[in-house]
Each structure stands twice: as structure tokens, then as C-alpha cells.
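Take a look at the structure set out below.
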Amino acid sequence: MTLREFYEMPWIGHEHPVFDLTNTVVIGAGPGRGDVDFLADPELTAAWRERAGDRALAQQPLGALRTIRAPLRAAVEAQANGEPLPGRTREELNGLAARAPVALRLDADGDLRHEETVHDVGAALAREALVLLAGEGRGRIRRCDAPSCGMYFLRTRRDQAWCSVACGNRARATRRRV
């Protein structure tokens with residue numbers, strides 16, 4: 001992954017809000033092939049805040065972001081590996097989601113609306129993660145196999161191994177060099 005891609009973050013703000021936060025760590029792209037944590041670098045944090053799709057999430061304090069990111073990454077990683085959610089992670093997400101209950105209301109047109117009764121961004125994101133993990137993401141969440149990426153994404157094809165065309169090109173180029 002190039003330095004320009006770090007600051008452009010083309011994968012942020014385009015998919016699910018859960019991925020906006022879980023994908024703030026780039027695997028094997030740092031010095032000595034270490035990971036790069038966007039929430040540990042002020043410039044990368046600022047760039048992420050500008051691109052995150054959920055504005056309320058982007059405005060959260062760093063401590064709150066790190067607190068919710070840990071169980072989200074553990075849950076998404078388990079799904080990407082086809083493993084059951086670890087019990088502690090499941091309990092933590094369930095507990096966080098319970099902090100922001102939703103009320104069902106019928107509007108004037110007879111349509112059902114979901115309204116948050118308490119506005120807690122971390123709790124709402126935990127609830128979205130539960131819906132993602134048990135719904136559209138079940139069996140579709142993957143981690144990009146390209147060198148120096150590791151981003152989580154929802155695959156759209158059974159054989160999809162990379163989060164983007166750029167990652168696919170980088171992976172193929174790396175294979176040719178080896």
C-alpha cells in the first residue's frame with residue numbers, strides 16, 4: 001500500500017460503518033512490516049475522521065473509538081475466518097448494543113420506524129455490528145489477502161479475495177516477483 005493510499009483511504013466511507021472503524025489498522029504496512037494504526041497517528045486520525053461515513057462516529061474521542069474498535073475487530077475477524085464469535089466478544093457487543101435501545105413507532109403513513117431512545121454512538125455501532133454479523137455479513141465478510149492490506153470487506157463473489165482492484169493488482173505483482 002502506498003503512502004498516498006494511507007491518506008486517501010479509499011476504503012473508508014464507502015461500505016458499512018462497522019468497516020470504517022475496523023479498517024483503521026493496516027496489516028503489515030508499517031516499518032519492519034508492522035501494522036499501521038490510524039488511531040495512533042494524529043495525521044492519519046484526522047484523515048480518517050474526514051472520510052468516515054458516520055459523522056457522529058468520526059467525532060468520538062479517541063478512547064471511545066479504541067474501546068469499541070477492539071470487540072468489533074475481534075468479531076469481524078472471527079467471521080472472516082469462518083469461526084464462531086468468541087463468547088467474551090459476543091457478550092461485550094451485546095452489552096454495548098443494549099445501551100442504546102430502539103423504539104418501534106408507526107408514523108402517520110403507517111410505516112414502521114426505528115428510533116433510538118438514547119443516542120450512544122458506540123452502542124449504535126455495536127448494534128449495527130450485530131445486524132451485520134447475523135445478517136448480510138454472515139458468510140460474506142473477508143479480510144483482504146493482498147500484501148500490506150488486511151482490510152475487511154463484504155465479498156460480492158464467491159472467489160473474491162481482495163478488497164479492491166488495486167489490492168488484486170498488488171497481490172498478482174507480488175506473486176510474479178516471487
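With (1) closer than 19 Å to ASP145 by Cα; (2) more than 16 Å from the chain's Cα centre (by Cα) as the list, and GLU15 as the residue in question, which single condition is left unmet?
So GLU15 meets the others, but not (2).
What residue, of GLU83, GLU128, GLU136, GLU91, is over 20 Å from LEU21 (Cα atoms), open to solvent by 30 Å² or more (accessible area, probe 1.4 Å) and not polar (S, T, N, Q)?
GLU83
Which one of the conditions (1) at negative phi; (2) surrounded by 13 or more Cβ atoms within 10 Å (Cβ to Cβ); (3) in contact with a Lys or Arg (Cβ under 6 Å, 6 or more places away or on another chain) does MET9 fail to meet, given that it meets all the rest?
(1)
If I ask for residues that are within 16 Å of the chain's Cα centre (by Cα), part of a loop (DSSP other than H, G, I, E, B) and charged (D, E, K, R), which ones from segment 36-79 would you list?
ASP54
Please specify each residue of segment 107-148 satisfying the condition of being closer than 25 Å to GLN160 by Cβ and among the small types (Gly, Ala, Ser).
ALA129, ALA134, GLY135, GLY137, GLY139, ALA146, SER148
Residue pairs, Cβ under 9 Å, 6 or more apart or interchain, first in segment 53-64 and farther than 10 Å from GLY122 by Cβ, second of a type in the set (Asp, Glu) and open to solvent by less than 40 Å² (accessible area, probe 1.4 Å). List them.
Close Cβ pairs satisfying both conditions: GLY53/ASP20; ASP54/ASP20; ALA58/ASP20.
Where in segment 82-178 are there strands (runs of 3 or more DSSP E), lying fully within it, with 3 or more residues that are at pLDDT below 90?
Strands (runs of 3 or more DSSP E) meeting the threshold: 102-106, 112-116.
The values are calculated or read from the model by the stated rules, or taken from the named source; none is laboratory data. Being a predicted model, the structure only gives us computed values, none of them experimental. Cβ atoms come from the backbone with ideal geometry, glycine included; neighbour counts cover every protein chain shown. Areas reflect the complete protein model, heavy atoms only, side chains present, ligands, DNA and RNA absent. Shrake-Rupley method; radii C 1.70, N 1.55, O 1.52, S 1.80 Å.
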